1. Which one is surrounded by the most Cβ atoms within 10 Å (Cβ to Cβ), of the residues in region 46-63 that are assigned to a loop (DSSP other than H, G, I, E, B) and not acidic (D, E)?
2. Here's a check for you: in region 74-93, which residue that is of a type in the set (A, V, I, L, M, F, W, C) and part of a loop (DSSP other than H, G, I, E, B) is farthest from Y61 (Cα to Cα)?
3. Inspect region 104-115 for any residue being touching a residue at least 40 places away in the same chain (Cβ under 8 Å) and touching a Ser or Thr at 6+ places or on another chain (Cβ under 9 Å) and give the result as yes or no.
4. So, in region 65-95, of the ones that are charged (D, E, K, R) and either more than 17 Å from F20 (Cβ to Cβ) or surrounded by fewer than 12 Cβ atoms within 10 Å (Cβ to Cβ) (or both), which residue ends up modelled with the lowest pLDDT?
5. Which residues, taken from region 1-26, are farther than 17 Å from S71 by Cβ, in contact with a strand residue (DSSP E or B) (Cβ under 6 Å, 6 or more places away or on another chain), surrounded by 12 or more Cβ atoms within 10 Å (Cβ to Cβ) and not hydrophobic (A, V, I, L, M, F, W, C)?
6. Take region 1-45 and flag every residue that is among the basic types (K, R) and not in a loop (DSSP other than H, G, I, E, B).
7. Determine which member of the set N14, N8, N73, N78 is of a type outside the set (V, I, T), over 29 Å from S112 (Cα atoms) and in contact (Cβ under 8 Å) with a residue 24 or more places away in the chain.
8. Does any residue of region 94-109 turn out to be assigned to a loop (DSSP other than H, G, I, E, B) and within 14 Å of the chain's Cα centre (by Cα)?
Amino acid sequence: MKQMAESNNYLILNEYEKVFLKLKATSQLILIGEFYGDPDVALISDDETYCAVGGEGVIIYYLRDPFEEFSTNHKSLNQWKIWGRGTNEETMWVSEIDQIDSKHIRVELEDSETILLSIF
């Protein structure tokens, strides 16, 4: 598995089109996203309240119990949020993600367009 991001308590790992969160304290691996094509970028917020992974759109995964596994067949209202992934909106191809502050990330698309996203 390829490491995409690391913080004091978490790792974000990628294997092919799947992304996993590893809890360092227990070594537990949790599926936090699936992408069409490999994801390109990831970050863990400075305060470890969320992580964001980008490629085919963005998945924002909230770092809190119950650490529910991601599923494309199930929409979680509390564990993750999806942006720019086709169904009712155009698919956005993400090349970079940066944390702006505790509530916003900056997303750069492959065409160099920049978008500010709210985390919550």
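1. Going through the qualifying residues, I end up with L63.
2. That would be M92.
3. Initially, region 104-115 is screened for residues touching a residue at least 40 places away in the same chain (Cβ under 8 Å), giving 105, 107.
If we keep only those that are touching a Ser or Thr at 6+ places or on another chain (Cβ under 9 Å) too, we end up with 105, 107.
Yes, because at least one residue in region 104-115 is touching a residue at least 40 places away in the same chain (Cβ under 8 Å) and touching a Ser or Thr at 6+ places or on another chain (Cβ under 9 Å).
4. So the first thing to find is which residues in region 65-95 are charged (D, E, K, R), and the list is 65, 68-69, 75, 81, 85, 89-90.
Now narrow it down to the ones that are either more than 17 Å from F20 (Cβ to Cβ) or surrounded by fewer than 12 Cβ atoms within 10 Å (Cβ to Cβ) (or both): 65, 75, 81, 85, 89-90.
Values: D65: 94, K75: 74, K81: 93, R85: 86, E89: 69, E90: 83.
Per the stated criteria, the residue is E89.
5. Answer for region 1-26, where residues must be farther than 17 Å from S71 by Cβ, in contact with a strand residue (DSSP E or B) (Cβ under 6 Å, 6 or more places away or on another chain), surrounded by 12 or more Cβ atoms within 10 Å (Cβ to Cβ) and not hydrophobic (A, V, I, L, M, F, W, C): S7, Y10, N14, K22.
6. If the condition is that a residue be among the basic types (K, R) and not in a loop (DSSP other than H, G, I, E, B), then K2, K18, K22 are the ones that fit.
7. N8
8. No: region 94-109 contains no residue that is assigned to a loop (DSSP other than H, G, I, E, B) and within 14 Å of the chain's Cα centre (by Cα).
The values are calculated or read from the model by the stated rules, or taken from the named source; none is laboratory data. Source: prediction; values computed, not measured. Note that we place each Cβ from the backbone using ideal geometry, even for glycine, and neighbour counts take in every protein chain shown.
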